[in-house]
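The values are calculated or read from the model by the stated rules, or taken from the named source; none is laboratory data. Small disclaimer: the values here were computed from a predicted structure and weren't measured. Every residue, glycine as well, gets a Cβ built from its backbone with ideal geometry; the counts of neighbours run over all protein chains shown. Each accessible area value is taken on the protein alone, full model and side chains, heavy atoms only, with ligands, DNA and RNA left out. Shrake-Rupley method; radii C 1.70, N 1.55, O 1.52, S 1.80 Å.
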Amino acid sequence: MKRVKVRPASYAVVAILGMVAVWLTPALEPRQVFPLAPVVVSRPGVEPADFMLRPVVIEASNTELLDTLAISGTIHSSLYNALNESGVGVLPPSARHQLAWSLADIFEYKVDMSRDLKQGDKFHLLIERLQKPNGAIIVQKVLGARLALSGARNPLEAIHFDTPGSSTGQYYDASGMSLRAAFLRAPVAFRRISSIFGARKHPIFGEWRNHTGTDYAAPMGTPVRAIGDGVVIFAGTKGGYGNMIDIRHRNGMVSRYGHMRNFAPGMRPGTRVAMGSTIGFVGMTGWATGPHLHFEIRVNGVAHDPKLALQSRGGEPIPSDERSLFQKMKNQTIASLNQAQLANISE
């Protein structure tokens with residue numbers, strides 16, 4: 001009796017495992033198709049033929065396929081959604097999401113993607129698309145990017161260029177200046193902001209107070225990064241800021257990070273930190289109603305709007321001996337971005 005009950009359950013488990021295996025097995029797309037002449041199949045002494053067989057030989061490839069793709073779009077709700085819509089049919093969802101992060105990384109010295117993007121902003125991208133033998137498609141490299149922000153005189157442009165001694169290459173603007181600046185525009189990578197610099201109604205005290213910084217709403221434990229090279233001058237608990245770190249930078253400016261859950265190892269006065277290094281983690285210590293990072297910039301002890309204080313002219317220029325090659329790369333990239341822009345307008 002027990003054997004009778006166990007057998008159907010065993011069949012069900014085997015069937016489920018088989019379905020999972022089929023679902024997880026990547027499909028190999030055909031590479032080359034060779035139609036052959038029909039083959040007549042018959043038994044000896046029997047006329048006419050029993051049936052006709054039309055075979056097709058499919059040759060699978062174990063090589064990777066690399067091509068160039070232009071993508072354009074307009075932001076209506078978020079950068080994620082805009083890239084998700086623009087990449088339908090040419091990129092899988094995972095590659096579209098990764099492309100949003102890549103675009104934010106390229107312009108992270110120029111644009112705070114969490115608060116500077118608005119409805120109607122446009123983007124144009126030129127990417128290398130890699131298809132692996134198992135059918136997986138990824139974005140191998142962003143060759144060029146253009147971001148047109150509302151209210152800006154000129155769009156921001158980025159051209160990928162490999163300079164001597166660089167293993168991954170860097171991004172430069174159309175004039176040949178590196179997009180890397182002295183400071184990052186945001187201490188948390190591409191996250192939603194809960195409030196902006198200026199007056200706001202305090203979430204705890206219920207009254208309007210001047211808010212001397214910007215709040216970045218992010219999940220508990222999200223890494224907080226130093227916006228530039230500097231030295232820690234305070235790391236501890238301070239009133240409503242909760243767990244707070246102050247970093248003094250070379251130009252005398254101080255960046256402040258508050259409400260953190262805890263600090264990264266080694267964070268103490270006198271510790272030197274590099275731009276982009278993790279200094280702590282988002283929390284809700286001090287006067288905070290939810291997990292977020294309070295960020296502010298202080299010059300001579302006075303709080304300044306981070307958006308204005310962190311404006312930068314750019315980084316180092318292209319080496320003089322690489323100028324001619326960069327000019328050719330720039331012309332090709334800009335031409336492709338212009339074609340993508342014209343195609344987007346015509347649609």
Q.
In whole Hz and in residue order, list the ³J(HN,Hα) couplings for segment 79-88 that follow from phi through the Karplus curve 6.51 cos²θ - 1.76 cosθ + 1.60, θ = phi - 60°; x for Gly and Pro.
A. 5, 4, 5, 5, 5, 5, 6, 6, x, 4
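Grab the beta carbon distance between S10 and N134, set R0 = 30 Å, and tell me the FRET efficiency rounded to 0.05.
The pair S10/N134 has a calculated efficiency of 0.45.
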Q: Mind checking which lysines have their Cα closer than 29 Å to the Cα of K238? Skip sequence neighbours fewer than 8 apart in that chain.
A: K201, K307
(Q) What number comes out for accessible area per residue over segment 105-258 if the probe is 1.4 Å? Units Å², please. (A) 43 Å²
Q. What's the carbon and sulfur percent of segment 233-347's accessible surface, probe 1.4 angstrom, rounded to a whole number?
A. 51 percent
Q | Order of exposure, largest accessible area first, which applies to Y11, Y109 with probe 1.4 Å | A | Y11, Y109
Q. Check L143: other-chain or 5+ apart residues with amide H under 5 Å from its amide H, H built from backbone geometry?
A. L126, I127, E128
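Over all directions, how big on average is the projection of the convex hull of the alpha-carbon atoms in segment 235-347, in square nanometres?
Details: hull surface 48.4 nm².
With every direction weighted equally, the projected area is 12.1 nm².
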Q | In Hz, Karplus ³J(HN,Hα) per residue of segment 286-291 (6.51, -1.76, 1.60; θ = phi - 60°; x = Gly, Pro) | A | x, 7, 9, 9, x, x
Q) Ranked highest first by average number of other Cβ atoms within 10 Å, how do 74-84, 212-222 line up? A) 212-222, 74-84
